[in-house]
Amino acid sequence: MSERTDGGSFSARVSIDAMHALSVIAMAAMAPETPGSFVVPAPETPMTLMAPPSNAPQVSSKPTASGASAPPPKSASRVTSVFGAKDSWRWQVLGSWMNDFDAANQIEAEWSASWFFMQGVSMDFGLSGDAILQPGTDAGGGGASLMFRWHFVMRETWSLFADAGCGMLFTNEPVPCDGGRVNFTPRVGVGGTLDVGGDARLMAGVRWFHISNANTGQDNPGRDSIQLFAGVTFPF
């Protein structure tokens with residue numbers, strides 16, 4: 001009896017010791033880390049370098065002689081003015097010859113300025129010097145004129161126009177010989193321009209040209225002539 005009693009006591013003690021060990025292990029697993037405990041660090045995530053987008057501007061790393069980056073090259077194309085554009089200005093030098101289909105001839109040199117107040121439509125103010133070769137006494141003088149010109153056909157290198165206006169002519173002798181020294185000079189005609197490069201254009205045309213004192217004197221003989229004119233025009 002005593003032998004069986006000692007063996008049962010030994011088995012019970014082993015069971016108690018095993019349960020105690022398991023509880024200690026469980027409590028140690030749930031306990032917080034102490035300062036002296038060893039912790040295996042987690043592996044670091046490697047840094048990823050992002051490439052710049054393909055459309056990002058490229059900066060030159062090559063310095064110039066002065067140490068600064070070289071600026072981008074400028075375009076070598078030349079900007080030219082558009083002929084007949086609204087609010088543009090041009091000036092021209094013209095020479096004219098007039099004949100009354102008889103014995104009177106008139107030679108004129110003119111400088112004028114054109115302001116395009118509409119696309120292809122200009123108002124011109126001109127100053128002129130004139131020599132009149134006529135039966136009787138020849139005359140010399142000068143005057144001023146106001147013209148309106150419409151370029152009714154406009155192409156890149158040429159145009160066709162019609163113009164009309166009036167001026168005044170002051171001379172040292174009567175024109176015609178039995179007329180007066182102060183005359184009005186209405187005119188109307190057609191012509192064209194041709195681009196010759198550098199924004200310059202040749203200009204030429206033909207007009208009906210009239211001289212009379214508009215009945216401001218005792219007599220008003222008047223004179224009708226054909227006018228041929230040509231010259232060159234430039235932008236301001």
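Among the residues making up the range 147-183, a single one is under 30 Å from A85 (Cα atoms), of a type in the set (D, E) and assigned to a strand (DSSP E or B): D163.
If the condition is being farther than 14 Å from L169 by Cβ and surrounded by fewer than 20 Cβ atoms within 10 Å (Cβ to Cβ), then the range 95-115 contributes G95, W97, N99, D100, F101, D102, A103, N105, W111, A113, W115.
Looking at the range 128-140, is at least one residue modelled with pLDDT of 95 or more, in a strand (DSSP E or B) and in contact with a Phe, Trp or Tyr (Cβ under 7 Å, 6 or more places away or on another chain)? So far as the range 128-140 goes, no, none of its residues is modelled with pLDDT of 95 or more, in a strand (DSSP E or B) and in contact with a Phe, Trp or Tyr (Cβ under 7 Å, 6 or more places away or on another chain).
Within the range 137-151, the set of residues being surrounded by fewer than 20 Cβ atoms within 10 Å (Cβ to Cβ) and over 26 Å from F117 (Cα atoms) comprises T137, D138, G140, G141, G142. For the range 204-221, a residue qualifies if it is within 16 Å of S96 (Cα to Cα), surrounded by fewer than 20 Cβ atoms within 10 Å (Cβ to Cβ) and hydrophobic (A, V, I, L, M, F, W, C), and the qualifying residues are A204, V206, W208.
Taken together, the residues in the range 162-189 that are of a type in the set (A, V, I, L, M, F, W, C) and closer than 18 Å to G95 by Cβ amount to 1.
Candidates are the residues of the range 184-203 that are within 29 Å of the chain's Cα centre (by Cα) and not in a strand (DSSP E or B); the one that is surrounded by the fewest Cβ atoms within 10 Å (Cβ to Cβ) is G198.
Determine if the range 152-165 includes at least one residue that is among the aromatic types (F, W, Y) and loosely packed, with under 14 Cβ neighbours inside 10 Å. Yes, the range 152-165 contains at least one residue that is among the aromatic types (F, W, Y) and loosely packed, with under 14 Cβ neighbours inside 10 Å. For beta carbons closer than 8 Å, sequence separation of 6+ or different chains, a first residue in the range 131-152 that is within 30 Å of S88 (Cα to Cα) and a second that is assigned to a loop (DSSP other than H, G, I, E, B), the qualifying pairs are G143/T185; S145/T185; W150/G120; H151/G84; H151/G120; F152/G120. Look at (1) surrounded by 15 or more Cβ atoms within 10 Å (Cβ to Cβ); (2) assigned to a strand (DSSP E or B) and you find that D224 fails only one, number (1).
The values are calculated or read from the model by the stated rules, or taken from the named source; none is laboratory data. Just so it is clear, the model here is predicted, and its values are computed rather than measured. A quick note on method: Cβ atoms are made from the backbone with ideal geometry, for glycine too, and the neighbour counts reach across all protein chains shown.
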